[in-house]
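Report on the following structure.
The values are calculated or read from the model by the stated rules, or taken from the named source; none is laboratory data. Since we're looking at a predicted model, the values are computed, not measured. As a convention, Cβ positions derive from the backbone with ideal geometry for all residues, glycine included, and neighbour counts pool all protein chains shown.
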Amino acid sequence: MSNNRRLMRNLLLNRSYQLRYTAIMVAISVLLTTGLGIIWYRQVREASTIIEVKALGTMTSPDMRRLQQEIRRQDRQRLQVLVGFGVLLVLAVTGYGIVLTHKVAGPIYKISQYMNAVREGRLEPIGDIRKGDQLHEFFDDFRRMHDALRDQTRQEAETLEQAIAVMERHLSQAAGADVEELQQRVQSLHALQQQKVGSLGQ
């Protein structure tokens, strides 16, 4: 995979959201640029027409034709500059739009990954988002909720560990049928306690 494709894949974390809002930004830019460009080019053509009219009575036919050709050439150049500027603007807005929306999509993508991990029973510590990303307050709120869930799970694991220790002391004093039942309960609690400890990661 080329570096460009890898870069685009990393930038487009939420393709539908990012491309939709980038397209809106590009459309607005195109409309504004087209409108202003039409007004500007009309003024340029009016100025060229005025020059031609003023030159009619003062120049010979060959000179007049050369002047008209020069005016047309300059008008075409101006039109090419206008079109080139419009293309560059669209490219710039597209790039900026993708980067800007990436600063929103990045934290959302990271939060969704952590939520998927929680659904799968994993509560690994949450890392920081990048300095230039948006949604820092929202991400901090999510981190506090996630940390509270980790603390609760850790306390539950400690409580289970204490309960297992008590049951194992009773197990050493038990006899007969009680021994097998206590062993099964201890094994079940121990498996649950290990599951909670394992879900915390490190």
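Considering (1) closer than 30 Å to residue 19 by Cα; (2) exposed (fewer than 13 other Cβ atoms within 10 Å of the Cβ); (3) modelled with pLDDT of 90 or more, the lone condition that residue 93 does not fulfil carries the number (2).
Being of a type outside the set (Gly, Ala, Ser) and either within 30 Å of residue 136 (Cβ to Cβ) or in contact (Cβ under 8 Å) with a residue 24 or more places away in the chain (or both) narrows it down to one residue among 11, 36, 56; which is it? Explain how you work it out, then say what you get.
Values: 36 fails: either within 30 Å of residue 136 (Cβ to Cβ) or in contact (Cβ under 8 Å) with a residue 24 or more places away in the chain (or both); 56 fails: either within 30 Å of residue 136 (Cβ to Cβ) or in contact (Cβ under 8 Å) with a residue 24 or more places away in the chain (or both).
Only one candidate passes the filter, namely 11.
So, of the residues in region 103-144 that are assigned to a helix (DSSP H, G or I) and of a type in the set (A, V, I, L, M), which turns out to be surrounded by the fewest Cβ atoms within 10 Å (Cβ to Cβ)? Lay out the reasoning, then the answer.
So in region 103-144, the residues assigned to a helix (DSSP H, G or I) come out as 103-119, 136-144.
Retained after the next criterion (residues that are of a type in the set (A, V, I, L, M)): 104-105, 108, 111, 115, 117-118.
Numbers: 104: 17, 105: 22, 108: 17, 111: 18, 115: 12, 117: 16, 118: 16.
Looking at residues that are assigned to a helix (DSSP H, G or I) and of a type in the set (A, V, I, L, M), I get 115.
Only a single criterion out of (1) in contact (Cβ under 8 Å) with a residue 12 or more places away in the chain; (2) more than 30 Å from residue 128 (Cβ to Cβ) is not satisfied by residue 50, namely (1).
Checked against the criteria, residue 44 counts as touching a Lys or Arg at 6+ places or on another chain (Cβ under 7 Å) and either outside the structural domain of residue 192 (by TED's automatic domain parsing) or exposed (fewer than 11 other Cβ atoms within 10 Å of the Cβ) (or both). Of all the listed residues (160, 192, 182, 88), the sole one being surrounded by fewer than 16 Cβ atoms within 10 Å (Cβ to Cβ), farther than 30 Å from residue 25 by Cβ, out of contact with any Ser or Thr (no Cβ under 6 Å at 6 or more places or on another chain) and not small (Gly, Ala, Ser) is 192.
Close Cβ contacts (under 9 Å, 6 or more residues apart or on different chains) running from residues in region 65-82 that are charged (D, E, K, R) to residues that are part of a helix (DSSP H, G or I) comprise 72/48; 75/41; 75/44; 75/45; 75/48; 78/40; 78/41; 78/44.
Residue under question is residue 95, and the condition is that it be touching a residue at least 12 places away in the same chain (Cβ under 8 Å) and small (Gly, Ala, Ser); does it hold?
Details: touching a residue at least 12 places away in the same chain (Cβ under 8 Å): no; small (Gly, Ala, Ser): yes.
In short, no.
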